[in-house]
1. Identify all residues within segment 232-273 that are touching a residue at least 60 places away in the same chain (Cβ under 8 Å) and acidic (Asp, Glu); write none if there are none.
2. Report, by residue number, each residue of segment 353-368 that is more than 17 Å from residue 206 (Cβ to Cβ) and surrounded by fewer than 16 Cβ atoms within 10 Å (Cβ to Cβ).
3. Restricting the search to segment 242-265, which residues are more than 27 Å from the chain's Cα centre (by Cα) and polar (S, T, N, Q)?
4. Is at least one residue of segment 122-134 at pLDDT 95 or above, within 30 Å of residue 21 (Cβ to Cβ) and either in contact with a strand residue (DSSP E or B) (Cβ under 7 Å, 6 or more places away or on another chain) or exposed (fewer than 15 other Cβ atoms within 10 Å of the Cβ) (or both)?
5. Determine if segment 377-389 includes at least one residue that is within 30 Å of residue 110 (Cβ to Cβ), exposed (fewer than 15 other Cβ atoms within 10 Å of the Cβ), modelled with pLDDT under 95 and acidic (Asp, Glu).
6. Check 312, 272, 304 and return the single one that is more than 17 Å from the chain's Cα centre (by Cα) and over 22 Å from residue 153 (Cα atoms).
7. I need the helices (runs of 4 or more DSSP H) fully contained in segment 297-390, keeping only those with at least 3 residues that are touching a residue at least 12 places away in the same chain (Cβ under 8 Å) and assigned by TED's automatic domain parsing to the domain that holds residue 108.
Amino acid sequence: MSAPTSGTRPDDARRHNRTALLRRLHVDGPCTRATLATELGLNRSTIKAVVDGLAESGVVTEAVPTQRSGAGRPSLLVLPEPQSAVVLAVDIRVDQVAMAMVGIGGQILGRHSWNLHRTTRLPGEVITHVAESAQLLRDELAVTEQGIGVSVPGVVRRADGWIHEAPNLGWREVALGQRLTSVLGRPAQVGNDAELGALAEHVRGAARDAQDLVYLSADVGVGGGAIAGGRPLRGTGGYVGELGHMLVRPGGRDCFCGAQGCWETEVGEPALCRALGLPEDTPRGVLVAELRGLAATPGRSDLLLGEFSGWLAAGLVTIVNMLAPELVVLGDLFAALPTALVEKVRDDVQRRSLVSRAVGGTRIVMSPLGRDAKLVGAAELAFEPVLGTV
């Protein structure tokens, strides 16, 4: 981030520098004052003033690095104090809600989760349980969140957190942002789960160095989030990412969205269960264990998942041709697929995608964040405004 221009007022310049420094520590971790000066393009006296001010406020501390090299006095590291800025992250899934209090720097201070069933999946039930669990976390950790981020598997209007439709939850026209803000007592920002997965991978996962990427998430449904030129691709009104509902098989299976032949009917969790000869309501843990067992027998993997991998590659070819990402990150159940199958899909995409061949091959990798990706993304969504007010 560049230094403020010469016309900036002193107070605005100080606020800009403070926010830039905090974001650097939050995203990339502890470093020395000299490193901060170099990376932020500020002189040492300015860095000293900002760090000293943050230290006096208890937002950062300085410490001797645990690993020392060379002779002489080591440079002190500037570290963020996790509890000096805390956000509440909420990840609403079809089968579960996960919540965490997250401190600056991305440290998870405490978490809570519970399973959802058909009778407990109603918006009012979920909102009440979120409010109760948030208070339990506050009491247990003796912290109060300064921001709230929420991930939902549906079509979300980012301006106010209005859920137009979340088919796999059975939600339509739910004022989730407004209702959570009312019961939690502070503004709640709501985002599509796959978009927040992309944000998480870009900030803390496999895509930290990528400027153009697509994150694909497979759960009961399939969603996608994109980063273009280092910024989230959000579309009109924030409605974007329903890649699981592109038509791939005309006249195919009925989809939750009301259409037929959507991509998620061929590569979502129920499709994966069918391919493995399991009931469509097989528990997630059993399904993941079955997938991991296939890694030891590639031949069986090809036999059972050959058609599945074909549909996965077909959708990826379309996505790569349309968006031309340098990186595709596979999350949730996609990240549990056998490595050999993912390599086969990668080769198919390279062979069949005009864009992938033109750019020398789009990288396709599995998410290192696992099931926490959307929770991490929800926390980063909440931190965006918070870092400017610490």
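1. 242, 269
2. 354, 357, 358, 359, 360, listed by residue number.
3. Hit for segment 242-265 is 260, nothing else.
4. Yes, there is a match, as at least one residue in segment 122-134 is at pLDDT 95 or above, within 30 Å of residue 21 (Cβ to Cβ) and either in contact with a strand residue (DSSP E or B) (Cβ under 7 Å, 6 or more places away or on another chain) or exposed (fewer than 15 other Cβ atoms within 10 Å of the Cβ) (or both).
5. Within segment 377-389, one or more residues are within 30 Å of residue 110 (Cβ to Cβ), exposed (fewer than 15 other Cβ atoms within 10 Å of the Cβ), modelled with pLDDT under 95 and acidic (Asp, Glu).
6. 304
7. Correct list: 373-386.
Residue-by-condition table, conditions (1) in contact (Cβ under 8 Å) with a residue 60 or more places away in the chain; (2) under 15 Å from residue 234 (Cα atoms); (3) buried (at least 16 other Cβ atoms within 10 Å of the Cβ):
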{"residue": "140", "(1), (2), (3)": "no, no, no"}
{"residue": "144", "(1), (2), (3)": "no, no, no"}
{"residue": "147", "(1), (2), (3)": "yes, no, yes"}
{"residue": "156", "(1), (2), (3)": "yes, yes, yes"}
{"residue": "159", "(1), (2), (3)": "yes, yes, no"}
{"residue": "167", "(1), (2), (3)": "yes, no, yes"}
{"residue": "172", "(1), (2), (3)": "no, no, no"}
{"residue": "176", "(1), (2), (3)": "no, no, yes"}
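The values are calculated or read from the model by the stated rules, or taken from the named source; none is laboratory data. Small disclaimer: the values here were computed from a predicted structure and weren't measured. Every residue, glycine among them, receives a Cβ derived from its backbone with ideal geometry; neighbour counts consider all protein chains shown.
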